[in-house]
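Everything below concerns the one structure shown next.
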Amino acid sequence: MNDDPVPVVPDHPTIRAAIRLGCRAPSVHNTQPWRWVFDGTRLRLLRDTDRRLTAADPHGRQAVISCGAVLHHVRTAFATHGWRTETTRLPDPTRPDLLATIEFLPWPDPPIAVFRRAEAIGQRYTDRLPMAEPIGWASVRLALDALVSPHEVTLDVLDEEARARLSLASEQSDALRRYDMEYQGELRWWAGHPGTPEGVPPSALTSESEHARVGVARSFPSRGPSARRGDLRDHARLLVLTAVDETPMMWLHTGEALSAVLLECTASGMATCALTHITELAAGRRLLSSLIGHPGVPQVILRVGTASDDQAPPATPRRPLTDILTVQ
């Protein structure tokens, strides 16, 4: 008979392993705008306000969505170590940077689907190239609705007629930003530099010809001449995540829903790309509202398809664990 007491919190190696894996989550421009503090009982998620994008994200919406994504990633990682995470979101009104507090309960038998999504954390990447249609979409679509519903977020799939209008909106967004020197300087600060622990590396960028074949895409600095995936034009499904209102709580929930969708699609063998540039501008949000045809505030567009090659780019960099995790 084993009389060893059941641990009440994860040990420090488990904390570090779960945070290291969970911080593979996507973030706007790969800024990784989060910090974690473990006080021996609770784990706290804080927004790193030093990593704010003042031009692209002046209100912090995309940063909080990014933190919601890492929250879901980390909770998924803890589940595979046998820990259920009880989460309190925005626990202190006087601390807007404190986004969530996590407490732990033993969870010896999490569902198999959780392990599938945790395995997908290391496989997922942002695919900015043109994609073929997603294979097996109908069955995955049903699973996605169940994953986003706990977060009070709706997931809409746009029809083909919406693609041309969104492509035009994407071009208009780029045009409005083209001579915004603060925005362009910020973009070039965070994109196209090799050998850094943050930002979008050259390997994750597209050439001008590749970008033109996608249509609905944020314009980053070009990686130079390249014609990957031949003359394929984008046939990814276009999805929209829509929140019930425009508040930090809903931004956080949007990020959690985004994470669940990305991991489920990845686990099902699909390629994904999350986009927030169209929703940065009021005109883009109005267009998306007209396309989905129901109340709410569109937050994120997702492209979901099939990568027509098997050559995933190198993993995008991540900050050292010592920069993002404090164990007290």
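Tabulated data
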item	result
Rel. contact order, % - alpha carbon contacts under 8 angstrom, at least six apart, the stretch 137-305	29
Environment charge at D50 (Cβ cut-off 15 Å; Lys +1, Arg +1, Asp -1, Glu -1)	-1
For the chain, size of Cβ-based charge dipole, Lys and Arg +1, Asp and Glu -1, in debye	480
Counted charge near P111, where neighbours are those whose Cβ lies closer than 13 Å (Asp, Glu -1; Lys, Arg +1)	+1
Counted charge near R89, where neighbours are those whose Cβ lies closer than 14 Å (Asp, Glu -1; Lys, Arg +1)	-1
The chain: most fluctuating residue of W190, W83, W107 per GNM, C-alpha cutoff 10 Å	W107
Protection-proxy order for peptides 150-158, 174-182, each taking the mean of Cβ atoms within 10 Å per residue, highest first	150-158, 174-182
Alpha carbon centroid spacing (whole Å) that separates the stretch 66-106 from the stretch 248-294	20
Options [x] 18.3; [y] 17.4; [z] 24.4 - which one matches mean projected area of the Cα convex hull in nm² as calculated here	[y]
GNM top mover of D92, D310, D11 - the chain, alpha-carbon springs below 10 Å	D310
The chain: most fluctuating residue of P106, P13, P221 per GNM, C-alpha cutoff 10 Å	P13
Per-residue [θ]222 nm for the chain (sum of -39500 (n - 2.57) over DSSP H runs n ≥ 4, rounded to 500)	-11500 deg cm²/dmol
GluC sites (Glu not before Pro) within the stretch 234-295: DSSP coil, no more than 16 neighbouring Cβ in 10 Å	E246
Cα-based helix-to-principal-axis angle, 137-148 vs the chain, degrees rounded to 10	50
DSSP beta bridges in the stretch 53-211 [antiparallel fraction, %, rounded to 5]	90
Highest-first arrangement of 38-50, 207-219, where packing means the average Cβ count within 10 Å	207-219, 38-50
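Throughout, read-outs are computed from the coordinates displayed, never taken from laboratory work. Nothing here was measured: the structure is a model prediction, and the numbers come from that model. Using ideal geometry, Cβ is built from the backbone for each residue, glycine included, and neighbour counts are taken over all protein chains shown.
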